[in-house]
1. Among the listed residues Ala40, Ala26, which satisfies the condition of being small (Gly, Ala, Ser) and in contact with a Pro (Cβ under 8 Å, 6 or more places away or on another chain)?
2. For region 54-66, enumerate the residues that are open to solvent by less than 50 Å² (accessible area, probe 1.4 Å) and either within 11 Å of Gly9 (Cβ to Cβ) or out of contact with any Lys or Arg (no Cβ under 7 Å at 6 or more places or on another chain) (or both).
3. Suppose we filter region 198-228 for residues that are farther than 25 Å from Ser17 by Cα and of a type in the set (S, T, N, Q); how many remain?
4. Given the conditions (1) more than 19 Å from the chain's Cα centre (by Cα); (2) in contact (Cβ under 8 Å) with a residue 40 or more places away in the chain, report the number of the one that Gly15 does not fulfil.
5. If a residue has to be part of a loop (DSSP other than H, G, I, E, B) and of a type outside the set (S, T, N, Q) to count, how many in region 99-111 make the cut?
6. Does any residue of region 7-23 turn out to be farther than 29 Å from Glu225 by Cα, part of a loop (DSSP other than H, G, I, E, B) and among the aromatic types (Phe, Trp, Tyr)?
7. Condition first: in contact with a His (Cβ under 6 Å, 6 or more places away or on another chain) and among the basic types (Lys, Arg). Now tell me which residues in region 172-211 satisfy that.
Amino acid sequence: MIKGKSVLGIITARGGSKGFPGKNIADLAGKPLISYTITAGKNSKYIDRLILSSDDEDIIRVAKEVGCEVPFVRPAELALDTTPGIDPVLHAINSIEGKYDYIVLLQPTSPLRTAEDIDGAIKKCLSGHPACVSVSEPDKSPFWMYSITETDKMVPILESKAYRRQDLPKIFALNGAVYVAETQYLIDRKTFITEETVAYVMPKIRSIDIDNEIDLKLCGVIITERPR
C-alpha cells in the first residue's frame, strides 16, 4: 500500500523457452533464477500481494517453494512464443479475487533488480503519472549503428554529427526489470508504454536481462563477488 493505493505484483514466467530451456528456474549462484525476483517483490514496501502467472508445473513448484502465491495455472494459449507480453498480465488481473489500484509487472529474467528499484518505480508512477517503466543506458548508442545495403554500404540508423561518445545525446532503453501502471489505465490501453509513461532509470549493473547462458554466467559472477 502506498498513499492509500493497493498494489498487485505479477511475475510472468512461462515454460517452453526454445532458446534457453528451463531458463526461469536455471541455477544462478545456487538459487533458481526466478527466486531473485520473488525475493525482491516480497521485500517491496509497497506491493500488497505478489502472484505468479505460469503454465509450467516446474516453475510453479519452485515458486511455491520460495514462497510465492500461485492462484491459477496460466492457460496454454497464453504461453505461446507469439503471445503478446501484456496478455498474461490482463489475464491475471481478471483471474484473481480482489481489486488493486496499481499493477507491477516483474519479469524473472532481471535477477539483479532490487526491492528499492521496484519501490522507486512505484513512487515515480504515483507522483502524478499513469505508468512508469525501468530503463538503463544501452551499451552501444544507436547513433553509432548502421544498416547495410545490398552492396555493403553503411547507412546510419540515426543522423548525428557527433564524433565522440561524450558528444552523443543520452539514450535509454527498456531493461525489462519493472513495469508499473494504474490498473484501469492498463486495462484500457493494454500496454505499459504510452505517450504518458515516465522512466525510472536504473544502473547498468542491475539491468542485465537473462537471455542466454552467457548472461546467466555474468550475473553469477556479479552476485558472488558483490559485497554482502
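The values are calculated or read from the model by the stated rules, or taken from the named source; none is laboratory data. Being a predicted model, the structure only gives us computed values, none of them experimental. All Cβ positions, even for glycine, are placed from backbone atoms using ideal geometry, and neighbour counts span all protein chains on display. Protein only, heavy atoms only, side chains kept; ligands, DNA and RNA dropped before computing areas. Shrake-Rupley method; radii C 1.70, N 1.55, O 1.52, S 1.80 Å.
1. Ala26
2. Within region 54-66, Ile59, Ile60, Val62, Ala63, Val66 qualify.
3. Summing the residues that are farther than 25 Å from Ser17 by Cα and of a type in the set (S, T, N, Q) in region 198-228 gives 1.
4. Failed condition: (1).
5. Residues in region 99-111 being part of a loop (DSSP other than H, G, I, E, B) and of a type outside the set (S, T, N, Q): 5 in total.
6. no
7. none
Yes or no, residue by residue, for (1) more than 22 Å from the chain's Cα centre (by Cα); (2) closer than 27 Å to Lys31 by Cβ:
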{"site": "Ser141", "(1), (2)": "no, no"}
{"site": "Thr149", "(1), (2)": "yes, no"}
{"site": "Ile157", "(1), (2)": "yes, no"}
{"site": "Gln166", "(1), (2)": "yes, no"}
{"site": "Glu196", "(1), (2)": "no, no"}
{"site": "Ala199", "(1), (2)": "no, no"}
{"site": "Ile210", "(1), (2)": "no, yes"}
